[in-house]
Amino acid sequence: MINRMFAWGLIFVVCVAFAAGMRANEPQLQKGTVVSASATRLVMKDTMGKEQSFTIDHATKVTVNGQPGKLEDLQETMPIQVALDEKGKVLAVSTIDKDKLPVLAASGRRGFVPRTSEA
């Protein structure tokens, strides 16, 4: 009985450790609005109103309105999303297009899909 409990406990610990390891490789996403942007520096105000500053290098992928862009293309107050690795290095910066939000998120109602009238 004790051996069986030990085996199940060990399996549980291994599964939790595996799941935590898988999650560590996922980029952390931070959303906010642009305060300022230059070739190597991005300052954004996060959703809680706190300013955050990021160093950007040549490997950082920048997407503006769905197209490849430069950090200098970002304008003040543009909504953005920053993807960071587990060490805090910026992997990608992209604008968030408010017009392309999912219907459910934009409506604020679960299961509601607005109908469009065709004339």
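Quick notes on this structure:
- Residues Thr47, Thr63, Thr95, arranged from fewest to most other Cβ atoms within 10 angstrom of their Cβ, appear as Thr47, Thr63, Thr95.
- Rh (Kirkwood; distinct C-alpha pairs) - the range 28-96, Å: 11.6 Å
- Placing pseudo-labels 7 Å out from each Cα toward the beta carbon at Lys87 and Met48 gives an inter-label distance of 2.5 nm.
- Label separation (Asn65 vs Gln30): 2.7 nm, computed from points 7 Å beyond Cα along the C-beta direction.
- Residues in the range 27-41 carry Karplus couplings, in order, of x, 8, 9, 10, 10, x, 10, 5, 9, 7, 8, 10, 4, 10, 9 Hz; the curve used is 6.51 cos²θ - 1.76 cosθ + 1.60 with θ = phi - 60°, and Gly or Pro positions show x.
Values quoted throughout were computed directly from the atomic coordinates according to the rules given, and no laboratory measurement underlies them. Source: prediction; values computed, not measured. So basically every Cβ, Gly included, is an ideal-geometry build from the backbone, and we count neighbours across all protein chains shown.
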